[in-house]
Every structure is written in structure tokens, then in C-alpha cells.
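Beneath this line is the structure, given in C-alpha cells, with notes to follow.
The values are calculated or read from the model by the stated rules, or taken from the named source; none is laboratory data. Quick caveat: nothing in here was measured; it's all calculated off a predicted structure. Cβ placement follows ideal geometry from the backbone for every residue including glycine, while neighbour counts extend to all protein chains displayed. Side chains included, ligands, DNA and RNA excluded: accessible areas come from the protein's heavy atoms. Shrake-Rupley method; radii C 1.70, N 1.55, O 1.52, S 1.80 Å.
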Amino acid sequence: MADITVAVKWQGKQFAITLPCDADVLSLERLIEAETNVLPSRQKLLNVKSGPKMADDTALLSSVKLPKVVMMMGSTEQAISSIAVAAEAAPEVVDDFDVKDEDVVVDVMSNPENIEKLNKRIAKYDVPPLNPPRDGKKLLVLDIDYTLFDHRSTAEHPHELMRPYLHEFLTQAYEHYDIIIWSATGMKWIEVKMKELGVLSNPNYKITQLVDAMAMIEVAMKPYGNFKCKPLGWIWAKHGGRYSEKNTIMFDDLRRNFVMNPSCGLKIRPFRKAHMNMDTDDELVGLTKYLLAIKDEEDLTQLRHSRWERYLEKKGNPHISRME
Ligand code: MG
């Protein structure tokens, strides 16, 4: 049998690997390890597919779809341990609140002072949309840090910190949802990050709007004190009633960010330590399923998004996650 030569690209380097036709994906990964020092278990061969799915280690190369250049993502053990040490040295304090605080949340939402603050934000702050909203679409609002991107780890290229399946997720969501990205940082940073990740130039979807920290309001909630949150009312007011709590869903790793709109929020599992979790994190695959499963629901407030996995199970389309 003839040999196969595969071009592989990793961290900007490209090299060729030749192996027999009847070799499997794992053999390819072992040879890639010899070139890169990245263990096979850490390697992600981005565009090597077996049908619609990523090919697994046992698949024969002759049976998988091999692109012209195989993109490999993965880090050496050395890089991973140095990042882990840095992360240990700088632990992050996350002061999110508990689901049990539902009554207190209702007080925050209906507090006239907070509603007044929201109205002021609506009147004083504006960001032009990047793309017009589309008729008949629901709205998906996405956080960036730890939701789509691990902003705490370091890497040569931001792609290495991107949550796995981000573009696939956005592509599929876009069919039924307008997408707005709202981050508690500055607009400059948001634009740079989204451009670097290719989110603003992907031909398969368009982002309706980027929203930054300036549209947030500060609220007080016992016993957590004062914090800033993302009131969806700001977005709704900017789009003339097109969106409302009935057709909006928001993903954020911090529950406090949707304290003004608890029924719209879905607390996503945070994506941290990208180098270690790149191989297993498939939260966006599951959430894609969920978005598609609820796309025809008339009133999203009837759902409890915290039980999204249960919802998929009930619909006979469970998300079997590889995350521990
Ligand atoms: Mg976040």
C-alpha cells in the first residue's frame, strides 16, 4: 500500500509527516509528538473529521477526511505546567451568588432605584449595532471572559485560549438567533479580542452588536454588597421592542451579571485553564443543542435554563459531556 503524507500546522510551524496508508489517527499523533513534544492526549486535530465529528484515535487515516493541512492545537507539558504554576500564584476571587437567593434577586429587579439607573443608562449610552437585527430571530447575549475565552491564561496566539467549538456554536446559533456580545470590559478590548478570534470576520455568521461595560449598572444586593450587572433592558430599549424577556437568552459564567433578568440567564460553566481543558471542554456543543431545541419556544421565561441538560434528556437528545 502507498504511504500518506500529511501536512501539519502547529503554532505557526508547518511540517510533513509520512506514514502507511493503514495507520490510525493515534499513529499520526505519535509522529506529531516527535515533532512538537505535545502528547497525543493533548493534541486536537482540528479539521480531521470522520463524518460530521472529529475523528477519534482509533480511526484509520484511510477512512477519515484529511484536509490539505491538518491544524493541530495543543500545548507541551512544559508550557502547561508553567501556566498552572502562574495560575496557582494568582488565584482569582469570584464572588458570585447562589441560586438560593431568589427572593433577594426579585428585590433587586424591582427596586425603583435600579430601574432608574437602567433608564439613565439607556438615555445616556449608545453603541451602534454592527449588523441589523433580523426578523423572526430570537436573541442570544454572550459574555466573553470565561464564557467564550480564557482571559487568564497566556498563549502565543489567542486561538489557543478560545473555547472549543466557538465558531461552530456561533454558526449554528446564528440560524435562529441574533447574537450580541456583552463584556464587562472596554470596547477597545472587546473589538481586539473578537477580531483576533475571527468572530467579526467569519463568513458563516454575523454579530449584531458588541456591548461593553459602559452599558452596565451598579446594584446592591445583600449580603454581596455592590456590584455591576448587565441589564438586558438596555439592549431591549435599543432595538425598539424587537427583543424581550420572552425571546432573549443570555450566557454568562457569573450569575450576578443577569441579576436584573434572572429568567433569561443561563450560567455557563466557566472555561478556565484553557491548555488543560481544551481537550475535554464541550460546553458549547451541549449549549448548541439546547439553543436549537428551544428555538421554537414561544416564551423562554417558561423554561428554567439552569436545567438545560435535563431539558435535553427529556427531549431524547441528551448532551453526553466529556468534561468531568
Ligand atoms: Mg465572564
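For the reader, a short list of remarks on this structure follows.
- Share of carbon and sulfur in the accessible heavy-atom surface of the chain [1.4 Å probe, %]: 52 percent
- In a DSSP loop and with at most 15 other Cβ atoms within 10 Å, the GluC sites (Glu not before Pro) in segment 125-190 are Glu156, Glu175.
- Among Gly225, Gly136, Gly186, residue whose mean-square fluctuation peaks in a GNM of the chain (springs only between Cα atoms under 10 Å): Gly225
- Gain on full extension, evaluated as 0.36 nm per residue between Lys206 and Gln14 minus their Cα-Cα distance, stands at 66.0 nm.
- Area accessible to solvent at Tyr125, 1.4 Å probe radius, in Å²: 40 Å²
- Residues whose amide H comes within less than 5 Å of that of Val211, counting only those at least five positions distant or on another chain, are Ile181, Trp182, Ser183 (H built at 1.01 Å from N in the peptide plane).
- When only the Cβ of Lys, Arg, Asp and Glu is charged (+1, +1, -1, -1), the dipole of the chain relative to its Cα centre reaches about 840 debye.
- Across segment 239-252, rounded Karplus estimates of 3J(HN,Hα) from the backbone phi angles (6.51 cos²θ - 1.76 cosθ + 1.60, θ = phi - 60°) give 10, x, x, 5, 10, 8, 5, 6, 10, 10, 9, 10, 9, 8 Hz, Gly and Pro being marked x.
- Largest to smallest principal axis extent of the C-alpha atoms in the chain, angstrom: 75, 45, 37
- In the chain, Cα pairs under 8 Å separated by at least six residues give a relative contact order of 16 percent.
- For Thr36, the solvent-accessible surface computed with a 1.4 Å probe is close to 10 Å², ligands and nucleic acids excluded.
- Karplus-based coupling profile of segment 154-168, in residue order and whole Hz: 10, 7, 5, 9, x, 4, 6, 10, 6, 4, x, 6, 4, 5, 4, with θ = phi - 60° in 6.51 cos²θ - 1.76 cosθ + 1.60 and x standing for Gly or Pro.
- Extreme residue, positive dipole direction of segment 183-324, given options Ile190, Met216, Val285 (C-beta unit charges): Met216
- For segment 155-262, averaging the sequence separation of C-alpha pairs within contact (under 8 Å, six or more residues apart) and dividing by the residue count gives a relative contact order of 21 percent.
- Cα centroid of segment 241-302 to Cα centroid of segment 140-165, whole Å: 16 Å
- Unit charges at the beta carbon, dipole of the chain: most positive-side option, Ser50, Leu140, Val6: Leu140
- For the chain, the solvent-accessible area with a 1.4 angstrom probe is 51 square angstrom per residue.
- Among Tyr177, Pro270, Tyr311 the positive-end extreme of the charge dipole of the chain (Cβ point charges): Tyr177
- For the set Arg307, Arg152, the ranking by accessible area, highest first and with no ligand, DNA or RNA atoms included, is Arg152, Arg307 under a 1.4 Å probe.
- Sorting Lys13, Lys138 by accessible area puts them as Lys13, Lys138; the probe is 1.4 Å, largest comes first, and only protein heavy atoms count.
- Beta bridges per DSSP, both residues in the chain: antiparallel share near 50 percent.
- For segment 217-264, a crude dipole built from +1 on the beta carbon of Lys and Arg and -1 on the beta carbon of Asp and Glu, taken about the Cα centre, is about 80 debye to the nearest 20.
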